[in-house]
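The structure appears right after this line, and notes come after that.
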Amino acid sequence: MSEIELLKTRILKDGKALPGNILKVDSFLNHQLDVMLLHEMGKEIAARFKGDGVTKILTIEASGIAVASLCGLVMEVPVVFAKKNQTANLGGDVYSASVESFTHNRTYNICVSKKYLSSADRILLVDDFLANGRALLGLSQIVEEAGAELVGAAIAIEKGFQGGGDMIRRKGIRVESLAIIDKMDDEGNITFRA
Ligand code: 5GP
């Protein structure tokens with residue numbers, strides 16, 4: 001089975017579609033981690049961005065870190081995660097952006113220490129989900145602020161019906177999603193894009 005089929009099969013087997021367009025995947029991606037599956041996903045993402053000269057992966061805490069780490073392992077590049085609301089801890093010398101949270105229904109700041117991104121970097125953004133695209137937008141603003149090159153974004157699960165992916169692609173950013181969900185209903189039925 002291909003990496004993508006493995007992920008889709010797992011979503012159908014263990015994912016729970018909750019009211020409010022939330023897909024719960026706690027048993028393998030968001031609470032318990034199936035690192036073997038994450039490793040396979042990392043290989044697929046690495047293959048898609050092979051030859052693009054990625055020097056660093058940027059993700060957002062907490063749930064992006066797992067998939068980003070396995071990508072970093074396969075691609076042999078460091079992984080940086082943007083922190084939420086910790087500007088003071090990082091000493092103020094940070095790149096920051098504000099992000100509206102889809103799952104928590106509020107706005108928060110994300111920041112990355114200037115020590116870990118530079119204008120020489122070629123950045124791949126990685127996250128677990130793409131919904132309205134706010135997290136990716138905030139991360140791409142940080143890359144821009146650092147003067148680094150944005151190579152693209154790799155996503156485990158894109159909820160295509162929420163439009164964030166289209167919005168980000170319209171900005172000219174390459175987005176590679178391993179599974180794109182076109183439809184999800186309250187009875188738990190999930191339809192993938194072919
Ligand atoms: P966006 O910023 O694209 O609207 O939402 C992406 C972020 O919200 C991701 O970092 C992810 O953590 C969270 N998220 C969005 N939709 C879902 C979902 O259906 N399930 C889970 N578990 N997280 C989601």
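Please determine, in degrees from 0 to 90 and to the nearest 10, the orientation of helix 134-146 with respect to the longest principal axis defined by the Cα atoms of the chain, where the helix direction is its Cα long axis.
Orientation of helix 134-146: about 20 degrees from the principal axis.
On the accessible surface of the chain, probed at 1.4 Å, how many percent belong to carbon and sulfur atoms?
Details: 4450 of 9340 Å².
Carbon plus sulfur share of accessible area: 48 percent.
Quick one: how many lysine pairs in the chain have C-alpha atoms under 19 angstrom apart, if they're 8 or more apart or on different chains?
23
Rounded to the nearest 10 Å², what accessible area does E100 show when all protein chains are kept and the probe is 1.4 Å?
110 Å²
Taking the chain as a Gaussian network, where each spring joins two C-alpha atoms under 10 Å apart, which residue of L124, L136, L18 fluctuates the most?
Largest GNM mean-square fluctuation: L18.
Can you compute the modelled spin-label distance between N85 and N189, with each label point 7 Å from Cα toward Cβ, in nm?
According to this spin-label approximation, the distance is 3.9 nm.
How far is helix 35-48 tilted, in degrees, relative to the longest principal axis of the Cα atoms in the chain, given as a value from 0 to 90 rounded to the nearest 10?
70 degrees
On full extension of the chain, what length is gained from T9 through R48, given 0.36 nm per residue of separation minus the C-alpha to C-alpha distance?
Gain on stretching T9 to R48: 12.0 nm.
Grab the DSSP H runs of the chain that are 4 residues or longer, score each as -39,500 (n - 2.57), total them, divide by all residues and round the 222 nm result to the nearest 500 deg cm²/dmol. Could you put the intermediate results ahead of the total?
Working: 5 runs with 57 residues, N = 194.
So the calculated ellipticity at 222 nm is -9000 deg cm²/dmol.
Counting DSSP beta bridges with both partners in region 3-192, what percentage is antiparallel, nearest 5?
40 percent
At 7 Å along the Cα-to-beta-carbon direction for both L73 and K114, put a label point, then send me their distance in nm to one decimal.
Spacing of the two 7 Å Cα→Cβ label points: 3.4 nm.
Dipole of region 78-194, Cα-centred, from +1 at each Lys and Arg C-beta and -1 at each Asp and Glu C-beta, to the nearest 20 debye?
280 debye
For the residue pair A62 and Q141, what label-to-label distance in nm results when each label sits 7 Å from Cα along the Cα-to-beta-carbon direction?
A separation of 2.4 nm, rounded to one decimal place.
Determine the per residue accessible area of region 93-149 with all protein chains present and a 1.4 angstrom probe, expressed in square angstrom.
47 Å²
Is the shape of the chain rounded, prolate or oblate, going by the alpha carbon gyration tensor and its root eigenvalues a ≥ b ≥ c, with a/c under 1.5 for rounded and a/b larger than b/c for prolate?
prolate
Work out from phi, with θ = phi - 60° and the Karplus expression 6.51 cos²θ - 1.76 cosθ + 1.60, the ³J(HN,Hα) of each residue of region 184-191, listed in order in whole Hz, and give x for Gly and Pro.
Using θ = phi - 60°, the values come out as 8, 10, 5, 7, x, 7, 10, 10 Hz.
Using only the alpha-carbon atoms, how far is helix 3-14 inclined from the longest principal axis of the chain? Give it as 0 to 90 degrees, nearest 10.
Between helix and principal axis, roughly 60 degrees.
In debye, nearest 20, what is the charge dipole magnitude of region 46-147 about its Cα centre with +1 on Lys and Arg Cβ and -1 on Asp and Glu Cβ, if you could check?
So the dipole magnitude of region 46-147 works out to roughly 60 debye.
The values are calculated or read from the model by the stated rules, or taken from the named source; none is laboratory data. Since we're looking at a predicted model, the values are computed, not measured. Cβ sites come from the backbone with ideal geometry, for glycine too, and all protein chains shown count toward neighbours. Areas reflect the complete protein model, heavy atoms only, side chains present, ligands, DNA and RNA absent. Shrake-Rupley method; radii C 1.70, N 1.55, O 1.52, S 1.80 Å.
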